[in-house]
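To start, the structure under review is shown below, and the notes come after it.
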Amino acid sequence: MRRLPGVLIVEDEPAIAELISVNLKHSGFRPIWAMDSATAQAELDAVLPDVILLDWMLPGESGLTLAKRWRAHPRSKDVPIIMLTARNDEVDRVAGLDAGADDYIAKPFSTKELLARIRAVLRRRAPEQDAGVVTLGELSLDASTYRVTFKDQALKLGPTEFKLLHYLMTYPERVHGRSQLLDRVWGDHVFIEERTVDVHVKRLREALGAQAGLMVETVRGAGYRLTAG
């Protein structure tokens, strides 16, 4: 079953949050609503969303404070943030972007424009399968020549294991859930079981060998992580 992209809506006005939620659901997203900074942090700690819609003015900590903290944290630093606010002065837009927001949309806004902005930041933040060399410790992957080496020794990987390793090496030390790996490695248009990921992780470890295979860690109840140490 296809996983719907999660959108964390941090907004203290129920009418606005409900309007956004309804439109997100109709457009194939999974909205999660938090009406204050404490709830927003709890939701983020529980499940990392694909996008955050963040109101500037909130009970408790401001959206600006949250954006700065989330952008500075390794776990949430790559999650796209779109600031929603009634503040429309240039100095406020600059402050929001400087705090780490990827985009800024002023109230009142068109829901069609908001959906377009969400899709745009998701496209920009999608992993780049470029033809470069990625290294982690003594493990190296060259996408242009389709070669993987560990301690200068060539390794043989199947095509899916290669794509899986490329993605994990692009985002090292991060924990990736099975559904996230399915979306980013296999593609969100592919309908396969999440347990398929476990099979390919096992094959990847075997292909990497006893020592390098230990770099692919299982995080109980969460997913997998590639680490150098």
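Residue pairs whose Cβ atoms lie under 9 Å apart, sitting 6 or more positions apart in sequence or on different chains, and linking a residue in segment 36-57 that is surrounded by fewer than 20 Cβ atoms within 10 Å (Cβ to Cβ) to a partner that is among the aromatic types (Phe, Trp, Tyr) and in a strand (DSSP E or B), are 39/33; 43/33.
Looking across 149, 170, 145, 196, one residue alone is within 21 Å of the chain's Cα centre (by Cα), hydroxyl-bearing (Ser, Thr, Tyr) and more than 17 Å from residue 78 (Cβ to Cβ). It is 196.
Table: residues versus (1) over 25 Å from residue 132 (Cα atoms); (2) part of a loop (DSSP other than H, G, I, E, B).
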site: 165; (1), (2): no, no
site: 183; (1), (2): no, no
site: 193; (1), (2): yes, yes
site: 196; (1), (2): yes, no
site: 200; (1), (2): no, no
site: 205; (1), (2): no, no
site: 210; (1), (2): yes, no
site: 217; (1), (2): no, no
site: 228; (1), (2): no, yes
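The set of residues in segment 13-34 that are crowded, with 18+ Cβ neighbours inside 10 Å and either more than 16 Å from residue 109 (Cβ to Cβ) or not β-branched (Val, Ile, Thr) (or both) comprises 17, 21, 24, 29, 31, 32, 33, 34. Per the listing 43, 18, 113, the residue uniquely closer than 27 Å to residue 174 by Cβ and either among the acidic types (Asp, Glu) or in contact with a helix residue (DSSP H, G or I) (Cβ under 8 Å, 6 or more places away or on another chain) (or both) is 43. Applying a threshold of 7 Å to beta carbon distances and a minimum spacing of six or more residues, or different chains, the list of pairs starting in segment 105-120 at a residue that is over 14 Å from residue 27 (Cβ atoms) and ending at one that is surrounded by 10 or more Cβ atoms within 10 Å (Cβ to Cβ) and among the hydroxyl-bearing types (Ser, Thr, Tyr) reads 106/85; 107/85.
Read-outs throughout are calculated quantities, based only on the coordinates presented, and are distinct from any laboratory measurement. Model, not experiment: these values are computed from the prediction. Don't worry about glycine lacking a Cβ; one is built from the backbone with ideal geometry, like all the others, and counts go over all protein chains shown.
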